[in-house]
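Asker: Encoded as structure tokens, here's the structure I'll be asking about.
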Amino acid sequence: MSRYLVDKFLYRVDRDESALKAYMENPVAFVANWEEEEGPWLNKAERTSGHRFTEEERRALAERDFEKLYAMGAHPFILWTLMLPVYEKEFPNFRALVDHYNNKIRPHGRPDFST
Amino acid sequence: MAHIVCIVGISHNPFHHHLISQPRSEWSPDTVRIVERGNLLREKLQRAEPETLIMVGNDHFHQFFMDNMPAFILGKMDSFDGTYYNEVREFSLPRCHVPGDVELAQQILEGTLKRGVDFSYSNELKVDHSVVVPLIFVRPEMDLPIVPIMTNCVAPPIPPAERFYQVGRVLRSVIDEIPGNKRIGVVVSGNLSLEVGGPLQFDPRPMNEEFDNQAVGWISRGDIQTAIRECTYDRMTGAGNVTHAFVNFLLAMGLAEGFRCTYAEGFKRKGSTQPFFAWEPKTEGAA
């Protein structure tokens, strides 16, 4: 498990307009590419080897399965801030998205999200 | 000696900017009352005639992430950029530039290091809504130079409540010994009980009214010992998953040692309760 790497993905994608666009257009390809081209990089020059996605994490990100990610202990703040733009156009209004999101994660309570 | 002339505490709720950007005729009664309270704090700060502002807030995973997460970090630059892409996207927050007070930042950094508070520092800090939103309310001109201080209340483990208070006290002792006669205002942002990204987010009611009432009481009475005892990580999480930003106000209490709390309100509205606080120096001869 790499809760840290999942959070790094959520954090980086939410804060980068082109990454967000690419993730929304083709999540499977984007996650695979990100895992090689951005995930293990500390900066442009230095690669690190301490984190890899598990198969479950990789699939949950590719499927944009926020319920699974929340239950696994993704940081709730950055998970929400990414899932908001990802899903908002699929709902008639903000309140409808919030209700759907909250109902999905509610059964999982408050998972530990420390890294 | 340099001295603190006024301390205000306010929400950094990024939706507030959106609310006040609407035409006045469309403001809800809650919006009107939030603006009234913001104006009250703005006027207090203005009357105190600060030359420079210390801005205490908490970065929300904008510049800082778990690859390098400072507990307390100070920005020392002669100008700061504010607002990130996702804050423009979600909240229509304006991009902005604010002058910085490098001299004061350096004095605070050197002074606190000597007194056992190891601030991290940044010569390239971009501030987020925890600085920009309070400025929009209490110093919309964004003309005074700032020293931003960012705390970690979002990525556990976070420093215990007592540490926030201690850091405030040490900051105060350092400021009180800075040569010269600089007039310093302080703006601290945070929240009362609040949830973002958890199952209770955006409930149209206060998140935890009991916590909010108690928290405002600790501030108004200056009851730091009870505040420290009650603000455990678990108690705050139970009151809402991002309630932890309340402890920024305990840092303010440390800075406000010997001051009078002249305003303390948890403004109840449809949704989370909003904090508004002020501390001012006791005037000469006052009890």
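A short reminder: the numbers here are calculations on the coordinates, not readings from a lab. Here the structure is a predicted model, which is why all the values come from computation and not from measurement. We place every Cβ from the backbone using ideal geometry, glycine too, and count neighbours over all the protein chains shown.
Asker: Restricting to bridges with both residues inside chain B, how much of the DSSP beta-bridge set is antiparallel, in percent to the nearest 5?
Answerer: 45 percent
Asker: Arrange B:Thr232, B:Thr151 by Cβ neighbour counts within 10 Å, fewest through most, would you?
Answerer: Fewest to most other Cβ atoms nearby, the residues stand as B:Thr232, B:Thr151.
Asker: Here's another thing I want to ask about it. At 37 °C and 0.692 mPa s, what whole-number value in µm²/s does Stokes-Einstein give for the translational diffusion of chain B, with Rh from the Kirkwood sum over Cα pairs?
Answerer: 175 µm²/s
Asker: Still on this structure, I have one more. Hey, fewest Cβ within 10 Å first, where do A:Asp14, B:Asp101 land in order?
Answerer: B:Asp101, A:Asp14
Asker: For segment B:229-282, just the Cα atoms, rotate onto the principal axes and tell me the three extents in Å, largest first.
Answerer: 36, 27, 13
Asker: Report the number of Lys pairs in the protein assembly as shown whose alpha-carbons are under 15 Å apart, with separation of 8 or more residues or on distinct chains.
Answerer: Here the count comes out as 4.
Asker: Seen from all sides and averaged, what is the projected area of the convex hull of the Cα atoms in the protein assembly as shown, in nm²?
Answerer: Quarter of the Cα hull surface area: 19.9 nm².
Asker: Using a 10 Å cut-off around each Cβ of peptide B:81-90, what is the average number of partner chain Cβ atoms that fall inside?
Answerer: Shielding by partners across B:81-90 averages 3.
Asker: So, one more: Let me have the relative contact order for chain A, percent, based on Cα pairs under 8 Å that are six or more residues apart.
Answerer: Value for chain A: 32 percent.
Asker: Another one. For chain B, what does the helix formula give at 222 nm: sum of -39500 (n - 2.57) over DSSP H segments with n ≥ 4, over the residue count, nearest 500 deg cm²/dmol?
Answerer: Value at 222 nm, helices only: -11000 deg cm²/dmol.
Asker: For chain A, what's the radius of gyration and Dmax over Cα atoms, in angstrom?
Answerer: So, for chain A, Rg and Dmax equal 14.0, 44 Å respectively.
Asker: A follow-up question, please. What whole number of Å gives the distance from the Cα centroid of segment B:231-283 to the Cα centroid of segment A:1-23?
Answerer: Comparing the Cα centres of segment A:1-23 and segment B:231-283, I get a distance of 32 Å.
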